[in-house]
Amino acid sequence: MDFPSGLLTVPGRTFLHFLAYLGQLTALMQELLIAFRSGVWRLRLVAHQIVAIGYGSQAVVIVTGAFTGAVFTFQSYAKFKDFGFETTVGAVVSVALCRELGPVLAGLMVAGRVGAAMAADIGTMKVTEQVDALRVMGVHPVDYLVLPRFLAMMISMPFLVAESISFGLFASYLVTSFGYDMPSTWYLNHMLEHTNMEDLSIGMIKGFVFGMLITLISCHQGLAAENGAVGVGAGTTRAVVISSLVMLIVNFFLSLLLNYIFPIGTV
């Protein structure tokens with residue numbers, strides 16, 4: 001019996017599209033490195049993007065981190081109390097927020113807010129031929145549009161992750177101290193005893209990597225936009241979806257690598 005060739009058509013086409021997309025991202029990253037090495041960083045644009053990305057995303061990140069820490073503490077305490085381990089809630093929540101929940105949830109929220117804005121802004125400039133106008137004036141679009149956003153995201157994202165972790169821990173402290181009447185000393189002692197700088201470093205490294213991925217993918221979708229407003233909307237949607245999926249996938253492999261460098265459970 002002949003093997004049906006149609007079974008390989010869709011996977012093969014998907015794989016080729018993936019390779020083509022990966023090649024486009026690699027080319028954009030190469031142009032970014034060339035622009036970075038040129039030393040022309042346009043610091044005024046970088047500062048403007050830091051305000052838009054870092055300052056503008058604080059409310060979203062703080063609310064996400066605080067309520068994540070609160071609900072995780074509520075669920076953990078309820079179950080740990082059955083085994084008599086309720087005093088360890090502080091350590092569990094702290095390590096989880098530093099290593100996983102803080103950077104991942106902050107990255108997803110920033111991808112939805114900032115990544116969509118990047119793709120929409122650059123995509124609008126692309127379909128209205130403003131990007132071509134930059135080239136006519138001798139300004140490389142990657143130098144002017146992508147590099148300032150890239151630098152601003154690398155600076156802002158670790159601080160946003162730190163805020164998410166901090167407010168998550170503060171909300172967790174409030175839930176245990178005032179909601180369950182746990183002595184604050186128990187909570188703080190277990191949290192400080194079992195959380196170290198390695199745990200916090202993992203969160204900062206993940207935030208840094210996620211920031212680069214969000215900027216690279218979102219700016220690429222903006223520069224690839226076409227077909228007017230419909231293309232801009234589609235590119236914005238793809239930027240958020242692809243950034244979120246890539247972050248979740250990269251987070252798994254990054255966790256394996258960083259856990260090898262900073263093993264969990266060591267004092």
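Only the coordinates and a few stated rules stand behind these numbers; no lab work does. Predicted, not measured: the structure shown is a model, and the values here were computed from it. Reconstructed Cβ throughout: ideal geometry from the backbone, glycine too, with neighbour counts over all protein chains shown.
Sorting the segments 132-140, 111-119 by their residues' average number of neighbouring beta-carbon atoms within 10 angstrom, most packed first, yields 111-119, 132-140. Largest first, the three principal axis extents of the alpha carbons in segment 42-157 are 70, 25, 18 Å in whole numbers.
For Gln30 and Glu129, the FRET efficiency from 1/(1 + (r/R0)^6), where r spans their Cβ atoms and R0 equals 25 Å, is about 0.50.
Here, segment 50-113 is characterised by an Rg to Rh ratio of 1.11, where Rg is the alpha-carbon radius of gyration and Rh the Kirkwood radius. Other residues with beta-carbon under 14 Å from the beta-carbon of Gly115 carry, at +1 per Lys or Arg and -1 per Asp or Glu, a net charge of +2. Divided by 2.2 N^0.38 Å, where N counts the residues, the Cα radius of gyration of the chain comes to 1.19. For the chain, the 222 nm mean residue ellipticity estimated from helices alone, with every DSSP H stretch of n ≥ 4 adding -39500 (n - 2.57) and the total spread over all residues, rounds to -25500 deg cm²/dmol.
Evaluating 6.51 cos²θ - 1.76 cosθ + 1.60 at θ = phi - 60° for every residue in segment 94-101, the Karplus couplings come out as 4, 5, 5, 5, 5, 8, 10, 4 Hz, glycine and proline recorded as x. When the alpha carbon gyration tensor of segment 128-267 is reduced to an equivalent ellipsoid, its three semi-axes come out at 41, 17, 14 angstrom, largest first. Give me the aspartates and glutamates in straight-line cross-link reach of Lys206: C-alpha distance below 18 Å, same-chain residues under 8 apart excluded. By straight Cα distance, Lys206 reaches Glu100, Glu163, Glu198.
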